[in-house]
Amino acid sequence: MSDTHKVELGMPAVRGERAKVLAEPAFDAHRPPSAELLDDCVHCGFCLTTCPTYSLWGEEMDSPRGRIDLMRAGVEGAPLTTSMVQHWDACLGCMACVTACPSGVQYDRLLEQTRAQVERRAERTPKDRALRTLIFNLFPYPSRLRALRGPLRLAQRTGALGLVRKTGLVRMVSRELDVMQTLAPPLGPRATVPERTPAVGERRAVVGMLTGCVQREFFGDVNVATARVLAAEGCEVVAPQRQGCCGALSVHTGREDEGQKFARRLIDTFEEAGVERIVVNSAGCGSTMKDYVHLLADDPEYAERAQVFSERVADLSEILVELGPVAPRHPVTTDGRDVVLAYHDACHLRHAQQVVSQPRQLLRGIPGVTITEIPDAEICCGSAGVYNILHPEPATELGDRKAANIASTGAELLVTANPGCLMQISQALERAGRPVPFVHTAVVLDASISGRPLV
């Protein structure tokens, strides 16, 4: 593409900026946003109250139906503009609008198709390209995260990281890099899952387990707890050591080819493992893996295999509810008292996968646990994959709103099923001076089944 056919994009979006345009239609012929899916939107407005960016800015083009209008313009031949891309980039992809829509608009599919077009056809600023290069050459690769883990843990233990944060030097260089360093959770010894964990008692199922990337290296205790819970419920757990990234971060940001490569490799890995189901404990990963059927629909070698794979994927809470409990539950307490907890719905679990009742059912099955609901639970916390790094200002505002809603519940413990939410909300609660212990659903279940203290 010639320089005259490219558009320079600034991050974050600046409203009112004069748009530069391409001298050709916005979308090429490779999987543009479906005109048929676009026509499903009747502009009823039910999506507006659930859209995080519309709630922040109140602008029509920063609502789902506004973004759909821009997609429709592109499909009809309008050129790609800076303004168009900024509005699409500003979307968190939380899919709350999909849940709210009475017309069944598949905004998730439309956004994925649009972002893939943008990544092929728009040239971003050098700063933004450098940031995205850093993110996508680090986060989807567990071995590279592992190499970073040691120095990061040392910096945390010696206090060096805290001193660097106090100086504000990183923030002066880049707000985005500053967010990356502040999101890192406190690191303990690295915890790993064996390749095969036998079932406790009678074997009821043989399941594969996604260990993930950030989850594997920064929240290894969650994976260990997941494997123990599955084994206690009669599952033989297979966690192939050669498995890599599922492609979620790539797919959600429009890096279609990259996401497809990760997907093919993961399908190969779990086919070789010979498992009946694939269990996922990270909401964003699960939603993408269930969507491989669409991601690889045009691949003659993988289309059918992707469909079979997607049908076998289940969130941890789904598979546990399907099987039904056999392991006894012990009371979960903090400081010897019953626990009042708040359950935070990760967007890609609640909206993309429509998994809402199962986690609550599992938590209510634990003696000594009372669940309190979080106000405005359907609104995203601002994590959204790497959104909080690419768009730190709106992500911080959304995180602070979520922290205030959580604090209003008076809960003593916060539970969720996504590593990104854990990092984002923990930071927001600390900023508010209201830190609350925050753990994954698997950790709570593991504590109850084993009888170990939770916190």
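The values are calculated or read from the model by the stated rules, or taken from the named source; none is laboratory data. Since this is a predicted model, take the numbers as computed values, not measurements. Positions of Cβ are backbone-derived with ideal geometry, glycine not excepted, and every protein chain shown enters the neighbour counts. Just the protein is used for accessible areas: all its heavy atoms, side chains included, with ligands, DNA and RNA removed. Shrake-Rupley method; radii C 1.70, N 1.55, O 1.52, S 1.80 Å.
Data overview
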{"read-out": "log₁₀ of I(q)/I(0) at q = 0.15, 0.29 Å⁻¹ - region 341-404, Debye sum with one point per alpha carbon", "value": "-0.54, -1.21"}
{"read-out": "Accessible surface, region 210-316, averaged per residue in Å² (probe 1.4 Å)", "value": "32 Å²"}
{"read-out": "Length-normalised contact order for region 323-455 - Cα pairs under 8 Å, 6+ apart - percent", "value": "33 percent"}
{"read-out": "Of all DSSP beta bridges in the chain, antiparallel share, percent nearest 5", "value": "20 percent"}
{"read-out": "Check: the chain dipole with +1 on Lys, Arg Cβ and -1 on Asp, Glu Cβ, in debye", "value": "1660 debye"}
{"read-out": "Long pairs among LYS127/LYS166; LYS127/LYS290; LYS166/LYS402, criterion Cα-Cα beyond 27 Å", "value": "LYS127/LYS290"}
{"read-out": "Coil-residue trypsin sites (Lys or Arg not before Pro) of region 217-261, DSSP, other Cβ within 10 Å capped at 14", "value": "ARG242"}
{"read-out": "For the chain, the longest site-free run once GluC sites (Glu not before Pro) in DSSP loop states with at most 10 other Cβ atoms within 10 Å are removed", "value": "1-201"}
{"read-out": "Dipole magnitude of region 167-258 about its Cα centre (Cβ charges: Lys, Arg +1; Asp, Glu -1), debye to nearest 20", "value": "200 debye"}
{"read-out": "Mean separation of Cα contacts under 8 Å (6+ apart) over length of the chain, as relative contact order %", "value": "15 percent"}
{"read-out": "Binned Cα-Cα distances of region 132-263, short to long, each 5 Å bin given as a whole percent", "value": "2, 10, 15, 17, 17, 15, 11, 7, 4, 2, 1, 0"}
{"read-out": "P(r) of region 66-171 over all Cα-Cα pairs, binned every 5 Å from zero, in whole percent", "value": "2, 9, 14, 15, 14, 13, 10, 10, 8, 4, 1, 0"}
{"read-out": "Principal semi-axes in Å for region 235-367 [√(5λ), Cα gyration tensor, largest first]", "value": "32, 17, 12"}
{"read-out": "Rg/Rh for the chain, where both radii come from Cα atoms and Rh is the Kirkwood radius", "value": "0.96"}
{"read-out": "Value at 222 nm in deg cm²/dmol, rounded to 500, when DSSP H runs of n ≥ 4 in the chain each add -39,500 (n - 2.57)", "value": "-14000 deg cm²/dmol"}
{"read-out": "Stretch gain in nm, segment GLU36-THR372, where the contour uses 0.36 nm per residue and the Cα spacing is subtracted", "value": "116.9 nm"}
{"read-out": "Debye equation applied to the C-alpha atoms of region 340-455, log10 I(q)/I(0) at 0.15, 0.16 Å⁻¹", "value": "-0.62, -0.70"}
{"read-out": "Surface share of carbon and sulfur [accessible, 1.4 angstrom probe, percent] for the chain", "value": "54 percent"}
{"read-out": "Region 265-329: mean projected area of Cα convex hull, nm²", "value": "5.0 nm²"}
